[in-house]
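Everything below concerns the one structure shown next.
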Amino acid sequence: DIVMTQSPDSLAVSLGERATINCKSSQTVLYSSNNKYSIAWYQQKPGQPPKLLVSWASTRESGVPDRFSGSGSGTDFTLTISSLQAEDVAVYYCQQYYSTPWTFGQGTKVEI
Amino acid sequence: QLVESGGGLVKPGESLRLSCAASGFTASHAWVNWVRQAPGKGLEWVGRIRSKADGGTTDYAAPVKGRFTISRDDSKNMWYLQMNSLKTEDSDIYYCATGWGHMGVWGQGTTVTVSS
């Protein structure tokens, strides 16, 4: 199985400041059919299901604010919140969908 | 949207069937995953079923393979997770979510508690 490791486990960021979450896969997740990385990022707020923010490592989903951006290559990926807003307080997960079983990182809790 | 149902309290060794109902889109085209989460813990993929057009076959995570079965009834816009031989460690919130890889639409989840 592909192991996904996120860092840090939690971080506190001031309003308006940048938050950076890292995710490392234990092996390549480069999908040969489209030459894109099979990495998704989700946001989960308390009592709610996860919400897809980013797919293919860097493609932001429709309706997701542009302060959220995904990047990375190889086995290292990053979710950046460029200017943290109060409503961004949540746990963020990365996920690989290169090979089953799909696996998630352990989550990163973002606080103000 | 997706709506899960069927969760509840069962004893170890018993069975339970969860349902996932779709509305607002053509269920027959969808691949559906089941993902579970212990309260306050991380996400664990349980399995998925492909659309009928893509074969309708299933994949499962190792901890549930042989005990859990995912099925679909496109005529009812429904998917199911049949859980047999339940263990205490299967106690989780269970979500259904659409997508062949990344999961774009999620239900609100249904809670399964396995306890004697």
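Among the residues of region A:1-29, those that are aliphatic (A, V, I, L, M), part of a loop (DSSP other than H, G, I, E, B) and either surrounded by 15 or more Cβ atoms within 10 Å (Cβ to Cβ) or out of contact with any Ser or Thr (no Cβ under 9 Å at 6 or more places or on another chain) (or both) comprise A:I2, A:V13, A:V29. Restricted to region A:49-100, the set of strands (runs of 3 or more DSSP E) holding at least 2 residues that are surrounded by fewer than 16 Cβ atoms within 10 Å (Cβ to Cβ) and of a type in the set (G, A, S) comprises A:68-73. Taking each residue of region B:74-96 that is within 14 Å of another protein chain (Cβ to nearest Cβ) and looking for partners that are surrounded by fewer than 17 Cβ atoms within 10 Å (Cβ to Cβ) and of a type in the set (A, V, I, L, M) with beta-carbon atoms closer than 8 Å, six or more apart or interchain, yields B:D92/B:A38; B:I93/B:A38.
Which of the residues that make up region A:102-112 are surrounded by fewer than 19 Cβ atoms within 10 Å (Cβ to Cβ) and either at the interface with chain B (Cβ under 9 Å from one of its Cβ atoms) or outside any strand (DSSP E or B) (or both)? Matches in region A:102-112: A:Q106, A:I112. Listed by position, the strands (runs of 3 or more DSSP E) contained in region B:1-108 that have at least 1 residues being surrounded by fewer than 20 Cβ atoms within 10 Å (Cβ to Cβ) and among the acidic types (D, E) are B:43-49, B:58-60, B:68-73. Could you tell me whether any residue of region B:58-66 is closer than 18 Å to B:Q1 by Cα and in contact with a Ser or Thr (Cβ under 6 Å, 6 or more places away or on another chain)? No, the conditions are met nowhere in region B:58-66.
Of all residue pairs spaced 6 or more apart or on separate chains, those with beta-carbon atoms under 8 Å, a first member in region A:32-48 that is facing chain B (nearest Cβ under 9 Å) and a second member that is of a type in the set (D, E, K, R) are A:Y42/A:K51; A:Q44/A:K51. Given the criteria under 21 Å from A:Q43 (Cα atoms) and over 10 Å from the mean Cα position of the chain (by Cα), does B:L9 qualify? So B:L9 does not fit the description; no. Checking the structure you have, find out if any residue of region A:15-30 is more than 27 Å from B:R48 (Cβ to Cβ), of a type in the set (A, V, I, L, M, F, W, C) and away from chain B (no Cβ under 13 Å). Checked region A:15-30: at least one residue is more than 27 Å from B:R48 (Cβ to Cβ), of a type in the set (A, V, I, L, M, F, W, C) and away from chain B (no Cβ under 13 Å).
Here, each number is a calculation from the coordinates, and none is a lab measurement. Just so you know, these numbers come straight off a predicted model, no measurement behind them. Positions of Cβ are generated from backbone atoms using ideal geometry, with glycine treated the same way; all protein chains shown enter the neighbour counts.
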